[in-house]
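Dumping the structure here so I can ask a few things about it.
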Amino acid sequence: MASKKPEAFYRVEDGIAIITLNYPPLNALHPLLLRSLFDQLRRAHSDPTVQAVVLTGANNNFCAGFDINQFQNPDAGAGGGIDNTINDSICEVLEGGAKPTVAAIQGVALGGGLEVAMGCNARIATPGTRLGLPELQLGIIPGFGGTQRLPRLVGLAKAAEMMLTSTPIKAEAGLKLGLVDAVVPAEQLLPAARALARDIAAGRKPRLYSLTRTDKLPALGEALATIEMARAEANRRARGLRHPQLCLDAIQAGIERGGAAGLAAEGAAFAAAASLPTHKALVHIFFAQRSTKKVKGVTDVPGLKPRPIRCVAVLGGGLMGSGIATALVLAGVEVILKEVNQGFLDAGMGRIKANLQSRVKKGAMTSEAAAKALSLVTGALDYSGFGAADMVIEAVIEDIGLKQRIFADLEKSCRPDCILSTNTSTIDIDLVGAKMQGGPTGPAASRLLGAHFFSPAHVMPLLEIVRTSRTSPQVLLDTLALSSRIKKTPVVVGNCTGFAVNRVFFPYTMSAVLLADLGLDPYRIDTVVAGKFGMPMGPFRLNDLVGSDIGLHVGANFVTSFPERVYVSRLIPLLNEAKRLGEKTGKGFYKFDSKTRKASPDPELAPLLAESRKAAGLVQPGAKPPALTDADILDFIFFPVVNEGCRVVAEGIVDKAADMDVASVMAMGFPAVKGGLIFWADLVGAQRIVARLRQFAAMVGPTHAGFFKPCEYLVAAAESGRKLSAGPPAAAKL
Ligand code: COA
């Protein structure tokens, strides 16, 4: 069974053919596996010693769906060359062939995996098995009859919800809904499936056909109303994206005209979705997200294994520290939470408790599990217990002097193999370690790194792991393993001001402020950036979320580090002076309702805008602002962001351009449906980006032209036609 080849194994036990899907690690449906499954099914049907078939999976899994690699295979054709005729035939044979079939499911049955299982006449699963149709998250729709069979098994509303949210359910919930017929422990899976298959073959249990069932479907009028509601909800959530509507088209066709007509509609809708750019972008993000875990010189070093991190000391119980501690205890990691006095420590503990309780309220964990997680935290007011720590994460305020003192103390208080990390969002890591023995070249330098979480740390999915020139591969590997354990997507980045994420954030904010100083309405800018482009919120609303004080503080680092390409405005300082710090003071660019916290435009902002515009002197007093269309606004804001992203790639701050895509999607909220910053820039084209940046530079005049100056990497791509996502030429040759 250890074969890596995509094939379905065949054996007969007690008159039951056991067909086992095999393609490590998750038995994804490679076209060869589908062909082999089809052949083995026909073999079972023509084998006179066989009464029934059990379909199962090797590698402790049933199947993770169609092989997504095929979507990127240029030889496979659109939609990964999915051949709906063979797929429909497989399900036809499974469901309606001469002999009944039972699916024996463990691990995951997702996408095509669940679709094949639903084609069987019955399903048995092990506890905790994940069942779902997550195709929409890849920009396609369920195939293999998934859009037809799921509503007939679990009801229309639940099926639409599962497909539109791409969220799997556990086997136990599947049992209640009727998606599976029994849940049994792993060791009983095959015996139970064999027994059920034999019972169905002998007529002791009914043979069910999900494609033609109607008992779970509502009456037509109600069904159409449910689909209309699902359409509206999909539009609200997916901002006018086409493929969720295509999925609903297929479901609707089946409801109106029956399962068989639904299959044909599904095939057409699938082909339409597979030809949309959204699909390419989302598949790119799927693989990019997985490839961040593979880092040259770290994960490919023969014999290098991650060391376990059992106990982490977190310094600082503020918003970040308590969020980090929560993420750790949720994964069963022991935490020592250190604060400077009992009051702060109690407050930090309270925040962790509140984070856990909020998960209990949402039904994400039981109160027993929350209590157990909380019991993993020990409070500390000094370093006496730090000998137990395998890693330290410092999360105090962004004060270089304070951080330097802390790291000098840590070096003395921790074991010599303890990893020393800082959660700084912008400060050079070498500077943080400057007061340790021997500074950035001293003995502790190899175990010093940045562990940059995003707020709220127990929710946000990205972890920037910042390596200095001396951080050892072992320490990076250990931190990568910890990141997987706490369910974060890691991006290993080089050391510089702002690392990868905040490097691309600063031009985002600065270009928006520059537009405001040119006379454009900040609220219009936010509407265009969020509503039209699909960011979770516009730059001014984001300022209010983060806080004008933090924005000013962080921005100052970029002004110091990159003076030739920053736009310095009076606007944010003016907000600070007026104590308009954002949500936390009830006013920023927006005003916030004290009860609902809802943001609305504030007329009182006008004098501050006027003062900032006057100070900027970009337009004559009383003159009209430049007539920029919504599309111009997007170019003005996002092309400087791309420009900085290109610098990050060219400087090797990220290991590969796709890492920048993942970082932009997971920390900045750049729309995944656009494939991430650099992937999107390639779609737009380097030539157009360079030309537009030069136009904007001319528009703002020589004093501010540096902000728009295209970097060498971008210009070279524009001139050569080389893809920005290819990375710098030297790296591409590796
Ligand atoms: N096709 C091809 N490869 C797949 C795959 C698929 N359907 N599903 C998972 N893989 C690969 C991953 O790329 C990864 O490969 P790598 O180790 O070379 O990076 C490996 O299987 C393990 O997957 P990973 O996501 O890292 O493991 P996980 O335990 O965190 O998650 C799943 C497992 C199944 C939940 C997750 O992989 C997933 O969501 N897969 C896609 C499911 C899907 O959308 N199916 C419908 C396809 S049309």
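Find the relative contact order for the chain and round it to a whole percent, using C-alpha pairs within less than 8 Å whose residues are 6+ positions apart.
Relative contact order here is 8 percent.
Cα extents of the stretch 489-634 along the three principal axes, largest first, in whole Å?
Result for the stretch 489-634: principal-axis Cα extents of 46, 40, 32 Å.
Could I ask something else about it? Given the Cα atoms of the stretch 417-480, and with Rh set as the inverse mean 1/r over their pairs in the Kirkwood sense, what is Rg to Rh to two decimals?
0.98
Given charges of +1 on the Cβ of Lys and Arg and -1 on the Cβ of Asp and Glu, with all other atoms neutral, how large is the dipole of the stretch 490-593 about its Cα centre, in debye to the nearest 20?
Its charge dipole is roughly 60 debye.
Hey, another quick one. What does the convex hull of the alpha-carbon atoms of the stretch 676-734 project to on average, in nm²?
Reported value for the Cα convex hull: 4.4 nm².
With angles folded into 0 to 90 degrees, how steeply does helix 319-330 sit against the dominant principal axis of the chain? Use alpha carbons for both and round to 10.
20
About the Cα centre of the chain, what is the dipole size in debye to 20, counting +1 per Lys and Arg Cβ and -1 per Asp and Glu Cβ, all else neutral?
Computed about the Cα centre, the dipole is about 420 debye.
Another one. Expressed in nm to one decimal, what extension gain is obtained for the pair residue 14 and residue 215 from 0.36 nm per residue of sequence separation less their Cα-Cα distance?
The residue 14-residue 215 span can extend by a further 69.0 nm.
Given a cut-off of 31 Å, name the pairs among 4/280; 216/362; 353/403; 294/412; 361/532; 305/656 whose C-alpha atoms lie farther apart than that in the structure shown.
Result: 294/412; 361/532 exceed 31 Å.
For the chain, find the longest principal axis of its Cα atoms and tell me its angle to the long axis of helix 606-616, 0 to 90°, nearest 10.
The helix 606-616 is inclined about 60 degrees to the chain.
Can you tell me what share of the DSSP beta bridges in the chain is antiparallel? A percent to the nearest 5 is fine.
Of those bridges, close to 30 percent are antiparallel.
Cα-based Rg of the stretch 7-275 per 2.2 N^0.38 Å, rounded to two decimals?
0.94
With no other cysteine's Cβ closer than 4.7 Å, which Cys residues of the chain count as lacking a disulfide-compatible partner?
63, 91, 120, 247, 311, 496, 646, 711
Further question on the same structure: Modelled label-to-label distance, residue 398 and residue 527, 7 Å Cα→beta-carbon offset: nm?
3.1
State the percent of C-alpha pairs, over all pairs in the stretch 502-726, separated by a distance greater than 27 angstrom.
Every Cα pair in the stretch 502-726 considered, those over 27 Å come to 30 percent.
Now for a different question. Could you tell me which of rounded, prolate or oblate describes the stretch 1-142, using a ≥ b ≥ c as the square roots of the eigenvalues of the alpha-carbon gyration tensor, with rounded for a/c under 1.5 and, failing that, prolate when a/b is larger than b/c and oblate otherwise?
Since a/c reaches 1.5 and a/b is larger than b/c, the shape of the stretch 1-142 is classed as prolate.
If I take all pairs of Cα atoms in the stretch 368-412, what percentage of them are more than 18 Å from each other?
43
Right, here's the next one. Roughly speaking, what is the centre-to-centre gap between the stretch 270-292 and the stretch 336-411 when only Cα atoms are used, to the nearest Å?
For the stretch 270-292 versus the stretch 336-411, the Cα centre distance is 39 Å.
OK, next. Report, as a whole number in µm² per second, the diffusion coefficient that Stokes-Einstein gives for the stretch 560-671 at 20 °C and 1.002 mPa s using the Kirkwood radius over alpha carbon pairs.
It comes out at roughly 124 µm²/s.
Please report the base-10 log of the normalised intensity I(q)/I(0) for the chain, using a Debye sum with one equal scatterer per alpha carbon and no solvent, at each q in 0.06, 0.08 (1/Å).
Debye intensities relative to I(0), on a log10 scale: -0.42, -0.75.
Give the span of the stretch 233-294's Cα atoms along each principal axis, as three whole-Å numbers ordered largest to smallest.
Per principal axis, max minus min of the Cα coordinates gives 48, 25, 17 Å.
Taking a virtual spin label 7 Å from the Cα of residue 361 along the C-beta vector, which residues in the stretch 594-610 bring their backbone nitrogen under 20 Å of it?
Only 594-599 pass the distance filter.
Okay, next question. Using the Kirkwood formula on the Cα atoms of the stretch 311-495, what hydrodynamic radius do you get, in angstrom to one decimal?
Result for the stretch 311-495 stands at 16.2 Å.
Just from its helices, what would the mean residue ellipticity at 222 nm be for the chain, if runs of 4 or more DSSP H residues each count -39500 (n - 2.57) and the sum is divided by every residue, rounded to the nearest 500 deg cm²/dmol?
The per-residue figure over the chain is -14500 deg cm²/dmol.
Tell me the angle of helix 31-46 to the major Cα principal axis of the chain, expressed in degrees between 0 and 90 and rounded to the nearest ten.
20
Once you have the Cα-Cα distance between residue 459 and residue 699, take 0.36 nm times their residue separation minus that, and quote the gain in nm to one decimal.
Stretched out fully, the residue 459 to residue 699 stretch lengthens by 82.3 nm.
Under a straight-distance cross-link criterion of Cα-Cα below 24 Å, which lysines are reachable from residue 587, leaving out those fewer than 8 residues away in the same chain?
Here the lysines satisfying the reach criterion relative to residue 587 are 579, 595, 598, 614.
Restricting attention to the alpha-carbon atoms of the stretch 90-211, what are Rg (one decimal) and Dmax (integer), both in Å?
13.5, 43
Taken together, the values in this text are just the output of simple stated rules run on the coordinates, not laboratory data. These numbers were taken from a predicted model, which means no experiment stands behind them. FYI the Cβ positions are ideal-geometry reconstructions off the backbone, even for glycines, and counts take in every protein chain you see.
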